[in-house]
Every structure is written in C-alpha cells, then in structure tokens.
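Here's the structure, in structure tokens; my notes come after.
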Amino acid sequence: MTLLAVENLVVKYGNIQALHGINFHVNPGEIVTLIGANGAGKTTSLYAITRLPPPEAPRVVSGDILFEGNSILKTPPSTVVKDLKLALVPEGRHIFGNLTVMENLVLATYARDQKIDFSKEYQRIFDLFPRLAERKDQRSESLSGGEQQMLAVGRALMTGCTFLLLDEPSMGLAPVLKYDLFRTLKRLNEEGMTILLIEQNANLALHLAHRGYVLDTGEIVAEGTAEKLLGNPEVKKAYLGG
Amino acid sequence: MFRKYTVQLILVTLGGIITYLAYEELIGLYTLSVLMFMGVNIIMSTSLNLVNGNMGEFSCGHAGFMCVGAYVSSLLGVLLFSKDKIFGPPLLNPDLAIYFFPLVIIAGGIAAAFAGLLVALPSYKTRGDYLAIITIAANYIIISSIENLNVIGGSRGFMGMKKVINAMEDIIYLPWMVIWVFVFTVATVWALRRYTSSTFGKGVAAICQDEVAAEIMSVNTNKIKTITFMLSSGLAGIAGGLFAYIIGYVNPGSFNILKSTEALVMVYLGGMGSLSGAVLSAILFTVLLELLRPLQIIKWVVIPLLLIVLMQFRPEGIMGNRELSDIFPRLKRFYKFK
C-alpha cells in the first residue's frame, strides 16, 4: 500500500505551468528523494502536497494527490499536519526567529492534545540534536544556519508526524553538518519515519535514499532505486558531474 | 494561600473605593468621568494590542467597531427601557434595566464582533499594508452607513441613554456606570490575558512571526485570524457601548479615524504585544489628554510631537514586548501575566 501517490499532477503559477503531469509515490518506511536542477519543480511539488494556502501555493490544474488512497486536494493545510501526520521542513527554514529554541518546539505541539506530557519527546529531539539542548533558551534568530536547520527538523518532529518532507535541508550547511543531518535522517528512518527528501545535492541524497526521481523542468525524466540512478549515465552526467 | 488572591483583593478594594467615593460624591463628576474614560481607553488599547501587537497585523480602523457597539447597545437600551420619540414606549418595564444593562452592552460587543468579519474575511488573503487599508475602509463604511441612516439620527447623533441610567438609579441608587465600566475593564484584561496565554494565543504568536511556518505547524491561520479579529472588535464594541452610556449621546463623527489613531497611539506608547503596557499607556494617555486640556486645540500639536519624541528615543514603547512581571520579577509571586 502506498502512503502517498501523486498522479498526473499539473500545477500552475498564474499562467506559467510548473509541473507537466508528474507521477511518483512513496511507500511507508521509505526514503524517497526528488532531485533536479533549479526550477525543475521540486519545491512546487512539495507545496502542492502540503496544501499551503495562496499566495505561496501553486494552483493544481489537473491530476490528484492521494494519501492512503484518499485525495487530499481539498484538505486544508492544518488538517494535513494534524490528521495525516505529515510535516514539512520548508526551504529557508522558516523558524520563529523571535522565540527561543524551546518556545519553537513548544509551539509545534499546537495541534496535539495538550494533556500529553511532551517531556520525553523534547528529550528525544535534544538527543538527536545535542546542539539544540545547549542553546535551548537562546533566541532562535541567533543560531547559526546549521543549528536553525536542526531546529526546523526538530520542530517538524514535535508535530508528532510520521511522514517528514524536507526541502533542501543541506542548503547553506558546512559539509560536516550536512553529513550529521543526513545521519540523523537515516536514524529517524530506521525508527520508522517515512521521508520525502528534496535535494540539489544528488550524490548525497541518493546515498541516503532507497528510491529516487529525477525532475527536469516539470517532468520526471528518470526514476528507480538509488543504486540504479547512481549508475545511470544520464543522471551522472547531468547531476553528479560525470 | 492568601497571596494567591492578592490581585483579586486589590481589584475588589479598588473598585469598592471608587464606587464609594462616587456614591458619597467625594470626587467630582469631572474626575469621575476621566476615570471612566480611562476604563474605556484601557479596553480600546488592550483589544487593539491583540491585533497589532500580538498578531502583528496593522489595524487602524478600531474606532469603527467601537461605533457599532456604541450604536447597537444605545439603540437596544433605549428601545427596551425608555420612552423615545422614534421608538415610542419602552418594550419592557424600565425597572428591568438594572438587570439587563450588562446584556445590552454585551449585545453591542457581539454586533461589533460580527462587524469585525468585515476585516477578518479579507485578512485570509491580504496582509500588512494592504490589510491596513482595508481596516481604514471598514472604519469609513461603518461611519458612513450610520450617517446615512436617518431613522437613528444620521450625523446628528442619537441620545436618550441617560434615561436608561436614570431608570437604573431609580431602583437602587448606586453609581452604576462607574461599577460597570470597572467590571468590564477588568473582565477585558482578564479575558485577553487568558486568550494570549492559551493554545490559541500560541497560534496568534506563530502568525505574527511567520505565517507560512505557522501553517506548516498545523495552525489553522484563517480560523485564528477570524477569532482574533472578532474578539478584538467585539471588545472595542463593549468599549463603545460604555462610552455611549457615559456620555449619554453618540454621533458617528466621534468614531472617525482620529479616534482610531488615539487607540493606535496608546498601543505604540505601551509597547507592542505587552498587555500591561497597553493598560499603563491607556491610563497615561487619558491623564495626559486631560492635563493638556488648557492648551485647547494646540493639544493636538503637542501630543503628536510627544509621539515623535517617543519614537525617536524609545521606539519600542514604555514596556517593549515585556510585561510588568518581567520588569519587576517580584510581582510574579502575586500574578503571572503570561
């Protein structure tokens, strides 16, 4: 049973067609990656899935997005997070800069029953990202880029999600932090988290993922297991530097 | 144990003292009306602070909702409890006014809350400066509609509320207006504190910071915006109702953009997002207006000038976004603002 299926999705920003009917699916417990150059439509597909309201979201012209077999095209974004347990880590992090690290995490429990004791889950986040524990009471604006990215992931986890969507998490990170972050994602996946990862860094993404799709100007040009894509000469040439 | 109720005790004592002084006529009518306007201003500034400070939108048509509340509660009060040349004899026995008065004020608040939808609905898709323009438009729509309703006096205004108050005082002689202004002011501050510290309040803070991030954290931004705008304008409506009954006369001209600006000045003077700041600045602003009264029309040169000085030297307002208990941590033993 597929968890998420995107079928013939056509999406427009105003008059500009951004996706020309793409198909992909994600099975539970998998890491799937969408790779592609700038403007290929990666972020657009994510925004369409998380149902962000206009003006951010593109307009779905035709096609369907199925979550566990049901269409979510009419579902408001708050329900997507609350009931479908699907959380987005947006490009550029979008953390609440004025609030402290801890306040950011507390705010993420917004949709959940407030009677639950969250202390174990906060501890889990701090286990995954020890740097955040050190900076618990700092204003999150003052964190470095990498720490902000950790916070964005931690915050998404605090929504109680079982399906994590990440939009270019490695952007602007030092190589060491990048590998740290990807190791954490791997660990999350081993604990049962389904992950849809969007990346420009194809090499890194394909080494983490089980399966991948290659997007090019709104169309899927290649798909398959990660090993297969890593071996694909076309992909190699276009995204992996020969 | 005793400490837990300190604030409640202080409030009850304060209310009691003011009521007693008013009852025995130990303080003059002038001082009394300044005190009552202080209460109205506190409601105005704290409720506007919810939208401008906590939610980070810029509403500059707050007086419009005050106008709706003022008119609805005046009309309702006069219709039900007093003989009027437009509405004829009272629908209910004027003796009942004493019980129904708070309900009449609240009805004005509810009507204003629905008028708040005029801003809340466009706010789903509009933000920042564009929403500010919509709030000004809402203010004008409300004023102009009432000016053109000749049945209720149009721009000449509407009066007769004093009779309702007199009917109340005939039953039991107490300074009713003082009591109700005090009660509604305390209730407003309490309600706003509860709201901003609730789960909804977290959603409001999230919208203020980053709307996209709020949305992906499962905050239903449209719902929160609707509730917040309706609460804010509803409270402004209550302020309007009280204002109308204090003066005994309403006309649409007194709820124009200048009145909205006064509310804005109080919010910025107090500090954005600080509830105690909004209360302090409302008190300060009312006193300042009265102190500068001898200057007459020049008052409106001096007060904006003070605003410029304030923005120059302390742009974050008196309190910034802190509460009283952040500045004097000892107060936390008695009361938590957040």
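Among the GluC sites (Glu not before Pro) in the stretch B:1-63, those located in a DSSP loop and surrounded by at most 15 other Cβ atoms within 10 Å of their own Cβ are B:GLU24, B:GLU25.
Note on chain B: with a GNM built from Cα contacts shorter than 10 Å, the maximum mean-square fluctuation among B:ALA115, B:ALA236, B:ALA278 falls on B:ALA115. Using the Cβ of A:LYS136 as centre and a radius below 15 Å, the other residues enclosed give a net charge of -2, where K and R count +1 and D and E count -1.
Counting beta carbons within 10 Å around each of A:ARG93, B:ARG156 and listing the fewest first gives the order B:ARG156, A:ARG93.
Counting every other Cβ atom within 10 Å of each residue's Cβ, B:LYS223, B:LYS163 order from fewest to most as B:LYS223, B:LYS163.
May I ask for the Kirkwood hydrodynamic radius of the stretch B:71-228, worked out over all distinct Cα pairs and given in angstroms to one decimal? It works out to 18.4 Å.
Just how far, in whole angstrom, is the stretch A:33-76 from the stretch B:270-338 if you go by their alpha carbon centroids? The stretch B:270-338 and the stretch A:33-76 have Cα centres spaced 47 Å from each other. Other residues whose C-beta falls under 10 angstrom from the C-beta of A:ASN98 contribute a net charge of -2, scoring Lys and Arg +1 and Asp and Glu -1. Note on A:LYS136, A:LYS82: ascending count of other Cβ atoms within 10 Å places them as A:LYS136, A:LYS82, the fewest first. Hey, what angle do you get for helix A:145-158 against the long axis of chain A, alpha-carbon based, 0 to 90 degrees rounded to 10? Tilt of helix A:145-158: around 90 degrees.
Over chain A, calculate the relative contact order: mean separation of alpha carbon pairs under 8 Å at least 6 apart, over the residue count, as a percent. Reported as a whole number, the value is 28 percent. Counted as membrane-span-like here are DSSP H helices of chain B whose alpha-carbon atoms extend 18 Å or more along the helix's own axis and whose Kyte-Doolittle mean is -1.0 or above; these are B:6-23, B:29-49, B:62-81, B:97-115, B:128-147, B:176-196, B:221-247, B:257-270, B:275-291, B:299-313. Looking at the square roots a ≥ b ≥ c of the eigenvalues of the Cα gyration tensor of the stretch B:141-245, which shape do they give, rounded for a/c under 1.5, prolate if a/b is larger than b/c, or oblate? Because a/c hits 1.5 or more and a/b fails to exceed b/c, the stretch B:141-245 counts as oblate. A dipole drawn for the protein assembly as shown from +1 and -1 charges on Cβ atoms has a positive end, and of B:ALA263, B:THR19, A:CYS161 the residue lying farthest that way is B:THR19.
So which of A:LYS12/A:LYS42; A:LYS82/A:LYS115; A:LYS120/B:LYS223; A:LYS82/B:LYS202; B:LYS202/B:LYS223; B:LYS125/B:LYS225 end up more than 19 Å apart, counting from Cα to Cα? Correct reply: A:LYS120/B:LYS223. Once C-alpha pairs closer than 8 Å and six or more residues apart are averaged by separation and normalised to the residue number of the stretch B:3-256, the relative contact order reads 38 percent.
Relative to its Kirkwood radius, the Cα radius of gyration of chain B gives an Rg/Rh of 0.97.
Just so you know, the averaged projected area of the alpha carbon convex hull for the protein assembly as shown sits at 31.8 nm².
For chain B, a simple Cβ point-charge model (Lys and Arg +1, Asp and Glu -1, everything else neutral) yields a dipole of about 640 debye relative to the Cα centre. Have a look at B:PHE101, B:LEU79, B:ALA115 and report the one farthest towards the positive end of the charge dipole of the stretch B:3-256, computed about the Cα centre with Cβ charges (Lys/Arg +1, Asp/Glu -1). So the residue we want is B:ALA115.
Residues of the stretch B:60-75 falling in the label zone of B:SER145, defined by backbone nitrogen less than 17 Å from a point 7 Å along Cα to beta-carbon, are B:61-75. With contributions of -39500 (n - 2.57) from each DSSP H run of at least four residues, the per-residue ellipticity at 222 nm computed over chain B stands at -22000 deg cm²/dmol. Peptides B:281-287, A:117-123, ordered by how many other C-beta atoms sit within 10 Å of their residues on average, highest first, read B:281-287, A:117-123.
Per the Debye formula on identical point scatterers at the alpha carbon atoms of the stretch A:1-49, with no solvent, log10 I(q)/I(0) at q = 0.15, 0.21, 0.23, 0.26 Å⁻¹ is -0.42, -0.78, -0.90, -1.08.
Counting only alpha carbon atoms, the long axis of helix A:119-128 and the longest principal axis of chain A meet at about 60°.
Compactness of chain A, taken as the C-alpha radius of gyration over 2.2 N^0.38 Å, stands at 0.99.
Bear in mind these aren't lab numbers, they're just calculated from the coordinates by the rules spelled out. Predicted, not measured: the structure shown is a model, and the values here were computed from it. Every residue, glycine as well, gets a Cβ built from its backbone with ideal geometry; the counts of neighbours run over all protein chains shown.
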